Amino acid sequence: MGETLDPMPTPIDHQQLAAEPIAKARAEGVDLVGPGGLLTGLAKTVLEAALEAEMSAPGLRQARPCGP
């Protein structure tokens, strides 16, 4: 009965998180969308980082090469 739950993590404010890179891109004349744009580069970076985190997670079996 004396057991406590871990506190809920602080929610991420996505608007605040996006504001700085958008302002910087606009100030530097970088397009927000399209080839070479902020969104394209940001999406690529986030997806690669997430994949790397998943691949290095404990408990994930590493693939072994097939063959003789």
* Starting from segment 44-59, keep only residues that are under 21 Å from residue 32 (Cα atoms), then list their pairs with residues that are at pLDDT below 95 and surrounded by 10 or more Cβ atoms within 10 Å (Cβ to Cβ) whose Cβ atoms are within a distance under 9 Å, requiring at least 6 positions of separation or different chains. => none
* Structure fact -> Within segment 1-28, restricting to residues that are among the acidic types (Asp, Glu) and not in a helix (DSSP H, G or I), the one that is modelled with the highest pLDDT is 28
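The values are calculated or read from the model by the stated rules, or taken from the named source; none is laboratory data. Note that this is a predicted model, so its numbers are computed, not measured. Positions of Cβ are backbone-derived with ideal geometry, glycine not excepted, and every protein chain shown enters the neighbour counts.
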